[in-house]
1. Pull up the cross-link candidates among the aspartates and glutamates for LYS11, meaning alpha carbon to alpha carbon under 15 Å and not fewer than 8 places away within one chain.
2. Within 10 Å, count the other beta carbons around each residue, average over each peptide in 51-58, 213-220, 118-125, and list them highest first.
3. Mean residue ellipticity at 222 nm from the helices of the chain, using -39,500 (n - 2.57) per DSSP H segment of n ≥ 4 over the full residue count, to the nearest 500 deg cm²/dmol?
4. Across the stretch 252-261, in residue order, what do the Karplus-derived ³J(HN,Hα) couplings come to in whole Hz, using 6.51 cos²θ - 1.76 cosθ + 1.60 with θ = phi - 60° and x for Gly and Pro?
5. Can you tell me the order of 315-322, 137-144 when each peptide is scored by its average per-residue count of other Cβ atoms within 10 angstrom, highest first?
6. Under 16 Å from the Cα of LYS112, which aspartates and glutamates turn up, not counting those fewer than eight places away in the same chain?
7. Given a Förster distance of 22 Å, report the FRET efficiency between VAL199 and LEU159 from their Cβ-Cβ distance, rounded to the nearest 0.05.
8. As a quick test, which of the pairs LYS8/LYS48; LYS29/LYS239; LYS37/LYS71; LYS18/LYS45; LYS66/LYS239; LYS6/LYS179 have an alpha carbon distance above 24 angstrom in this structure?
Amino acid sequence: MMYDQKIKKIKEEIKNFKIKTSQDLETFKGQFIGRKKGMITELFKEIKNLSLEKRKDYGKILNELKKYVKKKINHVVHKKSFFPSSKGIEFDPTIPGEYSEIGSMHPLSIIKERIIEIFMNIGFSYIEDREMEDDWHNFTALNIPPLHPSRDMQDTFFLGEKNFVLRTHTSSVQIRYMKTHNPPVRILSIGKVYRNETVSSHSHFMFHQAEGFYIDKNVSFSDLKHTIQYMIHSIFGKKKVRFRSSYFPFTEPSAEIDVFHNNEWIEIMGCGMIDPHVLKNVNIDSEVYSGFAFGIGIERISCIIHQIQDIRTYFDNDLRFLRQFTSDF
């Protein structure tokens, strides 16, 4: 009942909120769908405390509420435009381009926002962190000490002295977050990562990676499998999913994930149970807590969905390519 009352209250506040100036518009957006303290955003975070059945029901309601807020924002902007008028409404050049009638989101941004929405529906919180890392957070704390063979898999761009690098994966976010937060934690982070690779149709020195991890008491590999299947089915529909044994220094056991697409298996991501040594490095008792982590490339997902053969296309800024996409994913 408490959750129902909060939703009812938000509906009333959205309905009664008057938008007359550009400042009102920004306040409206921040109050209801702001990424840090928006009222709807906060309710998404509380879903994790509900039963699985109620999570689905309330997740649907909150998504509809979020769409209603965005619809009201677009309606107000397109109607008022916030240009100078006799009523004294000022022009605000800081209004983000998403409110414009022209243009659309970049295809990678579309996938990013969709993944964030998928995981917020099941109680994950979204954070972003630095792209420049020190050796300990990027490698050593993740069970990849100096001279470890797996470092060769992530050939690195060093910055000045060799203690600082452009991060090679978003797994470094795990370490920074777990150092300052106690379990249980459900975190999703998406951002750029860098590796010294030859640019070609299927590889690039920079790409985007989504990293998720969940730590609590009695987290099992079964929890990991259900979460991965939920994500893949939410993005691609009801496709076959295959787990293959693999190796990552920071997870044990580890697995590669394939989806069956166009009559073939395509590898799309890696995952596994967080290694106890990694938990020890951030002072989390592995005898009490366990967790899983996964990482997936945003470009790879987009290539599959849009049947794009050359990853370089995403970074060419060719308007002929970008105009093909809309945010209706």
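Throughout, read-outs are computed from the coordinates displayed, never taken from laboratory work. The structure presented is a predicted model; accordingly, all values stated were derived computationally and were not measured. All Cβ positions, even for glycine, are placed from backbone atoms using ideal geometry, and neighbour counts span all protein chains on display.
1. Those aspartates and glutamates meeting the cut-off are GLU42, GLU64.
2. 118-125, 213-220, 51-58
3. -11500 deg cm²/dmol
4. 7, x, 10, 8, 9, 10, 10, 10, 8, 9
5. The densest-packed peptide leads the list: 137-144, 315-322.
6. Of all the aspartates and glutamates, those that pass the test against LYS112 - Cα under 16 Å, at least 8 places apart if same chain - are GLU98, GLU128, ASP129, GLU211, GLU299, ASP328.
7. According to the calculation, E is roughly 0.65.
8. Flagged as over cut-off: LYS29/LYS239; LYS18/LYS45; LYS66/LYS239; LYS6/LYS179.
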